[in-house]
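The values are calculated or read from the model by the stated rules, or taken from the named source; none is laboratory data. On a predicted model such as this, the values are computed, not experimentally measured, just so you know. Heads up, the Cβs are rebuilt from the backbone with ideal geometry, glycines too, and the neighbour counts pull from every protein chain shown.
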Ligand code: NAD
Ligand code: DAU
């Protein structure tokens, strides 16, 4: 029986991780710690909150008294830190909050876990810890910076390593926009306040490992998509706007490339790293699934129209006529400041060491995601009430 402290689990990926784990393991306890910022929503985890295996604590990962209390009250085996300010655009307008939560909050979690798990010191003066404990920092490909100069027309993606090929089983995408990929050894080179704050967090996690031999893993994942994604991010924002017949804002020329991964595949990878990742190691997680933003928007338009035609009952959620849903809705708006051009994760190490691969083909994942939004408009309305409207009007 393991007890997990999962922070930020009222948000997008944390919630999907908790759902995945509760389904997979019967013998499990999960303590959720979430501040319930604009991005955290109890409606996202309403079923899980009724589960006797789950405890919910509302609070800040930076609150030392509260986090120490959680460790005193629960025999935590694993910490999985999802809690963060996660949106690049918001980091451009309010960088300080990102440093506060993402760096100082992470350091507080590390320190409280270290105190709770420490048993003594070894002959060299390094702390020793109770068996089987681990802290996992959920990080991002954005810490590696941007593959700005390595940008070409789409080329076939050839995976040369036979061991990786046999793991990904031909599920990988068909093209890439450059020769270079981020590996775990790529130097950290963040560009935005968000990615700098996530890099700061990664570095303090590494410092705890090197200085105190604290048991950690860091995972660095590419762009996730799927259910419960807050509609400030590209994919859920585009789905929401299409259904309302609103314009679809694409930054700059729409050429920027992201590598998209279905969120459940990310949850699965984190579980595997917790179980089998070597202590102190970084693991990249990615979809082998690069695409330019404008093509993502077009794919979503095409998929919504197809679903509406194949299953006309979905048309009841439309606030516009289906004939209005076409590429003319796309508008090119001012570019994001310092907009990273291309991210491309190489998850070969994770595939080879842990047998993980991105299982969900993109077209299948996008269809599942769109169906989820069509069937869960109540959730969208709930999270988009309040401050969301003000944010949207300021942004677009
Ligand atoms: P999200 O914004 O949807 O959710 C963040 C959650 O953290 C919210 O529930 C929020 O209430 C909570 N939170 C924020 N500040 C907190 C604090 N100080 N104390 C406690 N809780 C707090 O984010 P997400 O997209 O689910 O991302 C989760 C993590 O994964 C983040 O660390 C992010 O950097 C990382 N990540 C995200 C992606 C992606 O594509 N979304 C990709 C790679 C890594
Ligand atoms: O790469 C992993 C990262 O992915 C995570 O670490 C972040 O937490 C997560 O927010 C995400 O960051 P991005 O900036 O890549 O995601 P976002 O959905 O904000 O934007 C995706 C791309 O789409 C990006 O190039 C900007 C562009 N975009 C975004 C929005 C919201 C648009 O063109 N129009 C939009 O309205």
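What about residue 102, is it within 16 Å of ligand 2 (Cβ to nearest atom) and within 17 Å of the chain's Cα centre (by Cα)?
Criteria met by residue 102.
Is it true that residue 45 is at pLDDT 95 or above, away from ligand 2 (no atom under 16 Å from the Cβ) and buried (at least 20 other Cβ atoms within 10 Å of the Cβ)?
yes
Got a sec? Which of 139, 146, 195 is under 20 Å from the mean Cα position of the chain (by Cα), crowded, with 20+ Cβ neighbours inside 10 Å and part of a loop (DSSP other than H, G, I, E, B)?
146
Right, residue 157: modelled with pLDDT under 95 and more than 26 Å from residue 229 (Cα to Cα) or not?
The answer is yes for residue 157.
Looking at (1) more than 16 Å from ligand 2 (Cβ to nearest atom); (2) part of a helix (DSSP H, G or I); (3) under 23 Å from the mean Cα position of the chain (by Cα), which one does residue 116 not meet, given that it meets all the others?
Residue 116 satisfies all of (1) more than 16 Å from ligand 2 (Cβ to nearest atom); (2) part of a helix (DSSP H, G or I); (3) under 23 Å from the mean Cα position of the chain (by Cα) except (3).
Residue-wise test of (1) more than 19 Å from the chain's Cα centre (by Cα); (2) in a helix (DSSP H, G or I); (3) touching a residue at least 60 places away in the same chain (Cβ under 8 Å).
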{"position": "335", "(1), (2), (3)": "yes, no, yes"}
{"position": "338", "(1), (2), (3)": "yes, no, yes"}
{"position": "350", "(1), (2), (3)": "no, yes, yes"}
{"position": "357", "(1), (2), (3)": "no, no, yes"}
{"position": "368", "(1), (2), (3)": "no, yes, yes"}
{"position": "371", "(1), (2), (3)": "yes, yes, yes"}
{"position": "382", "(1), (2), (3)": "yes, yes, yes"}
{"position": "388", "(1), (2), (3)": "yes, yes, yes"}
{"position": "394", "(1), (2), (3)": "yes, yes, no"}
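Examine the range 167-174 for a residue that is in contact with a strand residue (DSSP E or B) (Cβ under 9 Å, 6 or more places away or on another chain) and more than 14 Å from ligand 2 (Cβ to nearest atom), and state whether such a residue exists.
So far as the range 167-174 goes, yes, one or more of its residues are in contact with a strand residue (DSSP E or B) (Cβ under 9 Å, 6 or more places away or on another chain) and more than 14 Å from ligand 2 (Cβ to nearest atom).
Does residue 228 satisfy the condition of being away from ligand 2 (no atom under 11 Å from the Cβ), farther than 20 Å from residue 349 by Cα and over 20 Å from the mean Cα position of the chain (by Cα)?
So residue 228 fails the test.
Within the range 185-204, can one find any residue that is more than 30 Å from residue 370 (Cβ to Cβ), touching a strand residue (DSSP E or B) at 6+ places or on another chain (Cβ under 7 Å) and at pLDDT 95 or above?
Looking through the range 185-204, at least one residue is more than 30 Å from residue 370 (Cβ to Cβ), touching a strand residue (DSSP E or B) at 6+ places or on another chain (Cβ under 7 Å) and at pLDDT 95 or above.
Have a look at 283, 228, 262 and point out the one that is closer than 19 Å to residue 143 by Cα, in contact with a helix residue (DSSP H, G or I) (Cβ under 6 Å, 6 or more places away or on another chain) and at pLDDT 95 or above.
It is 283.
If a residue has to be at pLDDT 95 or above and within 16 Å of ligand 2 (Cβ to nearest atom) to count, how many in the range 131-147 make the cut?
11
How many of the residues making up the range 310-333 are away from ligand 2 (no atom under 16 Å from the Cβ) and touching a residue at least 24 places away in the same chain (Cβ under 8 Å)?
Residues in the range 310-333 being away from ligand 2 (no atom under 16 Å from the Cβ) and touching a residue at least 24 places away in the same chain (Cβ under 8 Å): 9 in total.
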